[in-house]
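Engineer: Handing you this structure, nothing more for now.
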Amino acid sequence: MNTAVLAGELMLCSGAETYRVEDTMNHILRTAGTQTVEATVMMTGLVATLGGPDMEPITATKRVQERGTNLNCIMEVNDISRKYCSGGLTLEESYERLKKAGGKQHRTWIYNLATILAATGFAPLFGGGITEVGAAVLTGTVLALTHTIGKRLGINGFILDMLSSFAIALAAISLKQVIPSVNDNIIIMSSIMPLVPGVAITNAVRDTLQGDYISGGARILEAFLIAASVALGVGAGIALAGVFFRGGGLI
């Protein structure tokens, strides 16, 4: 039970679909050889039950408050689960390996570098030239720094996305004042792409198609809130820029 719940928690925190989490937990629970095996997973928690005619039912509940995207952790948990179910690992070995899984795969500077490269890479896709690509490097750096500082301060994810997009908009319009030929719209679009909830939307559709309507609806709502926070941040940044720069804002 502890191994199944830990595996489910790690996968749910890492952004796995609810049906995938349930399938992994059920495979682990069935190795107990009991008659009753149930695993129910939602966005905010999971419930597992083991029972049979010769034992009292055991039910465990785990609340999951923080979620993100860590495909490496999902792959690692899947690998441990398959090896355990096939007899390649003992129960104790599987539990110990699961306790060590889910940590940070890379250092902070590597994540920041990836954020900058992602923002820079989208600039030519939106029709930007060399000038926009160079500007996207700077606004991507602003995004990386804002996110790093915000996470260390423990700022809520939605608020952090809003602050990050706000800083991007201000930085892009400031660059427009220094380099009039640069297209600030392309810079803003390129730089906010790492904030777009693409994985959340994809998982929402997959959960809904699998019949997990509660989790699918919750993921869609989460994706909408993330998109709304990014839009509000950009809008606030453009509006504030209009106060300081002529023609730089909404007015």
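The values are calculated or read from the model by the stated rules, or taken from the named source; none is laboratory data. Here the structure is a predicted model, which is why all the values come from computation and not from measurement. Note: ideal-geometry Cβ built from the backbone for every residue, glycine included; neighbour counts use all protein chains shown. Note: areas computed on protein heavy atoms with side chains; ligands, DNA, RNA excluded. Shrake-Rupley method; radii C 1.70, N 1.55, O 1.52, S 1.80 Å.
Engineer: If Q210 satisfies all but one of (1) free of Cβ contacts under 8 Å to residues at least 12 places away in the same chain; (2) within 25 Å of M43 (Cα to Cα); (3) not aliphatic (A, V, I, L, M), what's the number of the condition it fails?
Structural biologist: The number of the failed condition is (1).
Engineer: Go through (1) closer than 17 Å to P194 by Cα; (2) of a type outside the set (S, T, N, Q); (3) modelled with pLDDT under 90 for F166 and report which single condition fails.
Structural biologist: For F166, the failing item is (3).
Engineer: From the list A204, A231, A200, which one is out of contact with any helix residue (DSSP H, G or I) (no Cβ under 7 Å at 6 or more places or on another chain) and within 25 Å of A119 (Cα to Cα)?
Structural biologist: Every option except A231 fails the conditions.
Engineer: Given the conditions (1) in contact with a helix residue (DSSP H, G or I) (Cβ under 6 Å, 6 or more places away or on another chain); (2) within 19 Å of S165 (Cβ to Cβ); (3) not aliphatic (A, V, I, L, M), report the number of the one that G121 does not fulfil.
Structural biologist: The number of the failed condition is (1).
Engineer: Report whether or not M55 is out of contact with any helix residue (DSSP H, G or I) (no Cβ under 8 Å at 6 or more places or on another chain), open to solvent by 10 Å² or more (accessible area, probe 1.4 Å) and not charged (D, E, K, R).
Structural biologist: The answer is yes for M55.
Engineer: Just give me the residues in region 152-163 being closer than 17 Å to G233 by Cα and either at pLDDT below 90 or polar (S, T, N, Q) (or both), in sequence order. Please lay out each step first, then the result.
Structural biologist: Step one: list which residues in region 152-163 are closer than 17 Å to G233 by Cα, which gives 155-163.
Across region 152-163, the qualifying residues are I155, N156, G157, F158.
Engineer: Of the residues that sit in region 111-149 and are within 17 Å of the chain's Cα centre (by Cα) and surrounded by fewer than 20 Cβ atoms within 10 Å (Cβ to Cβ), which one is nearest to I192 (Cα to Cα)?
Structural biologist: A118
Residue-wise test of (1) modelled with pLDDT of 95 or more; (2) buried (at least 20 other Cβ atoms within 10 Å of the Cβ); (3) in a strand (DSSP E or B).
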| position | (1), (2), (3) |
| --- | --- |
| A16 | no, yes, no |
| V21 | no, yes, no |
| V37 | no, yes, yes |
| L46 | no, yes, yes |
| Q65 | no, no, no |
| G68 | no, no, no |
| L89 | no, no, no |
| E93 | no, no, no |
| R97 | no, no, no |
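Engineer: Restricting attention to region 144-163, does a residue exist that is of a type in the set (F, W, Y), part of a helix (DSSP H, G or I) and in contact (Cβ under 8 Å) with a residue 12 or more places away in the chain?
Structural biologist: Yes: one or more hits.
Engineer: Considering only residues of region 185-215 that are at negative phi and outside any helix (DSSP H, G or I), which is modelled with the highest pLDDT? Steps first, answer last, please.
Structural biologist: Looking only at region 185-215, we keep the residues that are at negative phi, and these are 185-210, 212-215.
Filter once more, so that each one left must be outside any helix (DSSP H, G or I): 196-197, 210, 212.
Working: V196: 88, P197: 85, Q210: 83, D212: 83.
This residue is V196.
Engineer: Then there's this: Can you tell me which residue is most open to solvent (accessible area, probe 1.4 Å) among those in region 180-227 that are out of contact with any Gly (no Cβ under 9 Å at 6 or more places or on another chain) and of a type in the set (V, I, T)?
Structural biologist: Checked region 180-227; the qualifying residue most open to solvent (accessible area, probe 1.4 Å) is I214.
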